[in-house]
Structures are given as structure tokens and as C-alpha cells.
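First up is the structure itself, then whatever we jot down about it.
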Amino acid sequence: MIVVMRTDSTPEEVDAVSQRIVERGFRPELSSGEQRTVIGVLGSPFPELRNELSTLPGVSEVVPISKPYKLTSREFKPENSTVAVGDVVVGGEDLVVMAGPCSVEDEEQMVSTARAVKAAGASILRGGAFKPRTSPYSFRGMGVDGLRLLAMAGREAGLPVITEVMSPEDVETVAEYADVLQIGARNMQNYNLLDRVGETRKPVMLKRGLSATYEEWLLAAEYVLSGGNSQVILCERGVRTFEPSTRFTLDVTAIPSIRRLSHLPIVADPSHSSGKWYLVSPLALGAVAAGAHGLMIEVHPNPDLAKCDGPESLTFENFDKLMGQVKDVARAVGKVPAGAYS
Ligand code: PEP
Ligand code: MN
């Protein structure tokens, strides 16, 4: 349930309500929005608590949240949330594009890609150092050496960086190098990992699980938010369907649906959804038109030689073309196109 405070309530009244929630054995979570201040009651509050809290000074009303996810829901927070990554704001008017190779391979690859994607208008550099691979015999990433190269290339090009963290023990190390911690689709329900990133104060990008429902996805985000980290970006990256000719199927419906259910920003990854470079542009444009706050795109200097996901990676030239089209669609739907200020 949430306690909605009156617009003229005092900070002391807000404190007193929070205090009462603690005394009754629950956790208060304050959200001070532009329109209203609400206090979430985390746990499984008993119905009588509703009456008790509604009589306290400064309280306007106490409303149950109908969804199983609470802090993540629009009911708890009606305004859109934004996540700041350095100077980049995800979830606002700007369309934010994250781009780079599937995996970090060497210095030349990272620096050239960082420069190329920056010049084309990307605002965050991606690159995997810890790679979740279906086969144990595939390239599994450079580990910490890869993190170093990624951070160095980001500094060189003046871009913040995003990279995946696969296990709770690696969170501290990855957080030293990354500006955004990526939770991959295969780890969306790794609850120990979600708890651990929830303890950090780093932005987290949570990819949708391969077969996850919206509710399961938002409950996964709830783990991070309930751990105290509200800096969460969701990423629709395609789901498993009966269609075998593409790697996954981008669920464009998820974008407006999730925006209705949750205040968190949502971006789309057309690269992993399709698995094919020539499908990346049309899917990216569809996602932007549907209201995505950003995109994650795989780019490689020479996709034929990529150690991972070459078939879905764009060349520098194709990425530049895609960005031109993305800018047009972004403008058409009232967004400030990526890279408009650079
Ligand atoms: C990735 O972005 O590097 C990745 C592995 O994606 P996903 O978790 O969506 O498969
Ligand atoms: Mn990849």
C-alpha cells in the first residue's frame, strides 16, 4: 500500500508516518514527486494498517497497490523516472543511444569503435568483458582486461560506458570501471545478483529475460529498487517465440505496455532481438516510434571478424546511416534526437 501525503503536509508529519510504518514492522520508502509525496509500505501490510495510517496528521489517503511490484509501479510513482549516467539522462526528452561491440577484443577495436559511434551521435559506449555464452567453448570475454580497455576507450572518446556483470562477486570490480551495470537476459532472475546491484548506487540496465512476462521483469526490477537503488533502466531485447528465422522476436508491444505499468525508462536492443544486421535499423526505428527512451546497438569495425555476434553487428558506415534515420523518427515523435548536442 502507499500513503499519499497531503500537499500541505510538513516534513515532521512525513517522518511520523514513516516512523509508525517502522514500528509496525514494515519498511517505508519515500517518493517525493513534483505532484505529491507518497510513502510506500514495503512488506505484506495487514489491512488494519490502512485505517491506522489514514488517520495520522498530514495523510491524504492510503491506497493499496494492486500490482505485485510496488516501487516499480506507476501507481507508486506517476511521473517518469530518469536515470543520469554522467551528463547523459535516460528517460527524459533525449533519445539515448548506447553502441559498441558485443565483446571487447583489443585496444584498436575499442578505440576506433568508441570514436566512430561518438561521431555518429551515440552517447554511451558498450562492450562486454564477461560474456554469457550458450556454449562453454565460445569466446567468454576478456574479463578485467576487457573492463580496462572499455573504460580507456570511453575516456578517450568522452563517453560513459556500460558492460555486463554476471555474478554477485564481480559487481564491485565491474562497478569500478562501468558507469552502468548491465544485467543480461539470462540473469534477469538471478536474485542474488539483483540484490547485490541493488546495494550499489550505480545505474543498472536490466534486460528482459528470454521468456519473461512483464510482471516477472518488473518484479526483477523491484529487487533492485527495494535494495535501495532506484537507478534502473529496462531493456527490451526480444523474446523467444516459435519463429526460428530470427534469433528472438522484438516485442515492440512491451515498450508502451511497460511505460504504462512502470515509471522506469525503457530502451530497446534490436541487435540481440533479430540476430541480423539488416533487421537492426527497421526494428530500431519501430522501437523509437513506439516510445523507447533509447537504443542499444552492436557495432564492430569488421563484423566478419567479430569474436561474438558478428552477424548482427553494424559496420561504422551502417551505424552512421541508422543514426540519421533514428534522428528523423525521434524528431517525429517529439524526442530530442541522439547526438543532437554533440
Ligand atoms: C549483451 O548485450 O551483450 C547480451 C549478451 O545481451 P542479452 O543478455 O540480451 O542476450
Ligand atoms: Mn552480443
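The values are calculated or read from the model by the stated rules, or taken from the named source; none is laboratory data. For clarity, every value in this text was computed on a predicted model and none was experimentally measured. Cβ: placed from backbone, ideal geometry, glycine included. Neighbour counts: every protein chain shown. Ligands, DNA and RNA are stripped out before the accessible areas are found, and what is left, the full protein with its side chains, is counted by its heavy atoms. Shrake-Rupley method; radii C 1.70, N 1.55, O 1.52, S 1.80 Å.
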Subject >> Å³ per residue enclosed by the Cα convex hull of the range 2-63 >> reply: 69 Å³
**OP:** Kindly identify the range 45-181 as rounded, prolate or oblate by the Cα gyration tensor criterion: order the square roots of the eigenvalues as a ≥ b ≥ c, call it rounded if a/c is under 1.5, otherwise compare a/b with b/c, prolate if a/b is larger, else oblate.
**Re:** prolate
Original post:
Can you give the three extents of the C-alpha atoms in the chain along their principal axes, from longest to shortest, in whole Å?
Top reply: 67, 43, 43
**OP:** Just list whichever of Lys70/Lys207; Lys118/Lys207; Lys77/Lys321; Lys118/Lys276; Lys67/Lys327; Lys77/Lys131 have alpha carbons separated by over 27 Å in the model shown.
**Re:** Lys77/Lys321; Lys67/Lys327; Lys77/Lys131
**OP:** Would you calculate a helix-derived [θ] at 222 nm for the chain, using -39,500 (n - 2.57) for each DSSP H run of n ≥ 4 and dividing by the full residue count, to the nearest 500?
**Re:** -10500 deg cm²/dmol
Original post:
Counting other Cβ atoms within 10 Å, which chymotrypsin sites (Phe, Trp or Tyr not before Pro) in the range 231-317 have at most 11 and lie in a DSSP loop?
Top reply: Phe242
**OP:** Quick one: pull the percent of accessible area on the chain belonging to carbon and sulfur, 1.4 Å probe, ligands and nucleic acids left out.
**Re:** 50 percent
Original post:
Rounded, prolate or oblate: which fits the range 72-145, taking a ≥ b ≥ c as square roots of the Cα gyration tensor eigenvalues, rounded meaning a/c under 1.5, else prolate when a/b beats b/c?
Top reply: oblate
Original post:
Where does helix 214-226 land angle-wise versus the long Cα axis of the chain, in degrees 0 to 90, nearest 10?
Top reply: 70 degrees
**OP:** Would you mind telling me the antiparallel percentage of the DSSP bridges in the range 186-342, rounded to 5?
**Re:** 10 percent
Original post:
Per residue, what accessible area does the range 83-341 have, given a 1.4 Å probe and all protein chains present, in Å²?
Top reply: 39 Å²
Original post:
Cα gyration tensor of the range 119-274, axes a ≥ b ≥ c as square roots of the eigenvalues: rounded (a/c below 1.5), prolate (a/b > b/c) or oblate?
Top reply: rounded
Subject >> Antiparallel %, DSSP beta bridges [both residues in the chain], to 5 >> reply: 40 percent
Original post:
Under a point-charge model restricted to the Cβ atoms of Lys and Arg (+1) and Asp and Glu (-1), what is the dipole moment magnitude of the range 156-219 relative to its Cα centre, in debye to the nearest 20?
Top reply: 240 debye
Original post:
Which of the chymotrypsin sites (Phe, Trp or Tyr not before Pro) across the range 105-173 are loop residues per DSSP, with 16 or fewer other Cβ within 10 Å?
Top reply: Tyr137, Phe139
